[in-house]
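Participant: Before I ask anything, let me first share the structure, which is written out below as structure tokens.
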Amino acid sequence: MKFLIFLSAILMGASAFAQVTPSTQETSTTTEGRVADEQPTNQKDSDIIRNVRRELMKDDTLSVTAQNIQITSKQGQVLLKGNVKTPAEKERVEQVAGNVYGVTNVENQVTVTK
């Protein structure tokens with residue numbers, strides 16, 4: 001009996017937590033400030049991220065640093081973060097991302113460092 005009361009208390013606490021914890025998808029309408037645990041749960045955004053990464057890796061004009069920037073996507077809106085070596089690389093990663101099928105917007109928060 002004590003076990004059932006304990007289990008009920010745990011389940012009620014978990015359901016209360018789920019009700020007050022906002023979903024990332026419900027509250028985030030922009031790409032600004034997105035973190036890794038806010039990665040997409042839908043296949044389209046996962047495909048976009050994978051395809052942007054693939055295209056960056058294929059581009060021999062980009063440094064390894066530029067090829068490994070952080071990429072997130074939400075409903076086709078891509079956010080790029082990280083460091084690149086030149087202003088030209090910053091422009092190029094945005095151009096590459098923007099040319100990927102399904103991308104509707106690119107927010108380029110990449111920083112040029114030397």
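Participant: So, in the stretch 92-114, how many residues would count as being assigned to a loop (DSSP other than H, G, I, E, B) and not hydrophobic (A, V, I, L, M, F, W, C)?
Facilitator: Final tally of qualifying residues: 6.
Participant: Those residues that are among the small types (Gly, Ala, Ser) and within 15 Å of residue 60 (Cβ to Cβ), I need them from the stretch 82-98; list them, please.
Facilitator: Listed by number, the list holds a single entry, 88.
Participant: What is the residue count in the stretch 71-91 for residues that are assigned to a helix (DSSP H, G or I) and either surrounded by fewer than 18 Cβ atoms within 10 Å (Cβ to Cβ) or touching a Pro at 6+ places or on another chain (Cβ under 8 Å) (or both)?
Facilitator: 3
Participant: Can you work out which of the residues in the stretch 45-70 that are polar (S, T, N, Q) and closer than 13 Å to residue 100 by Cα is modelled with the lowest pLDDT?
Facilitator: Per the stated criteria, the residue is 46.
The values are calculated or read from the model by the stated rules, or taken from the named source; none is laboratory data. Because the structure is predicted, anything quoted here is derived from the model rather than measured. Neighbour counts are summed over all protein chains in view; Cβ atoms, including those assigned to glycine, are modelled from backbone coordinates with ideal geometry.
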